[in-house]
């Protein structure tokens, strides 16, 4: 890339939220811990899993576990981060319409659909790490904000700085859980509503 060429803001957002490099043995232990935690959280819920349970399931010493993760909440954050980074990679380099190459309205609709799936699969993690004001401080929210803001800019939407957070508001985990569990809306219903929001906000080319 030419030294004077402007950098992609989405790439820069991904770099800001990227985890630091780690030794091979540390990376191996991280994978073992997160895999073990994922199994236990899925089976029992984070609130019913102890650090000792995770160390035993992962086959690592408690000292190894505590050096990296001080508590269950920090493991939940790290586990959710793994899933969110996978989606970020798809947004950066995946196939359209989720990845580059599709009209902004279609990309926003695809992003909504992917987020609904992520929220459904990992509600227990998201509710423990990204609720209320804490949601806005996460690296993932910053990445989603840049992504949606770029789509709005590409489509020429006015007041995109104000609009971007309004478009991300329906993806708050409390909203998703209320719609799915209290209103008993199924995932296709939620996705269709978000698709209508995307296409109503961003006009598709004629």
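How many of the residues in the range 53-62 are over 14 Å from residue 39 (Cα atoms) and loosely packed, with under 12 Cβ neighbours inside 10 Å? Before the answer, list the steps.
Initially, the range 53-62 is screened for residues over 14 Å from residue 39 (Cα atoms), giving 60-62.
Now restrict to residues that are loosely packed, with under 12 Cβ neighbours inside 10 Å: 61.
Of the residues in the range 53-62, 1 are over 14 Å from residue 39 (Cα atoms) and loosely packed, with under 12 Cβ neighbours inside 10 Å.
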Would you pick out the residues in the range 163-182 that are part of a helix (DSSP H, G or I) and under 22 Å from residue 149 (Cα atoms)? 163, 164, 165, 166, 167, 168, 169, 170, 171, 173, 175, 176
Quick one: is residue 157 surrounded by 17 or more Cβ atoms within 10 Å (Cβ to Cβ) and either farther than 18 Å from residue 111 by Cα or at pLDDT 95 or above (or both)? no
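Using the structure shown, decide if residue 185 is surrounded by 15 or more Cβ atoms within 10 Å (Cβ to Cβ), out of contact with any strand residue (DSSP E or B) (no Cβ under 9 Å at 6 or more places or on another chain) and outside any loop (DSSP other than H, G, I, E, B). Break it down into steps so the answer makes sense when it comes.
Details: surrounded by 15 or more Cβ atoms within 10 Å (Cβ to Cβ): yes; out of contact with any strand residue (DSSP E or B) (no Cβ under 9 Å at 6 or more places or on another chain): yes; outside any loop (DSSP other than H, G, I, E, B): no.
In short, no.
The values are calculated or read from the model by the stated rules, or taken from the named source; none is laboratory data. Given the structure is predicted, the values throughout are model-derived calculations rather than measurements. Cβ sites come from the backbone with ideal geometry, for glycine too, and all protein chains shown count toward neighbours.
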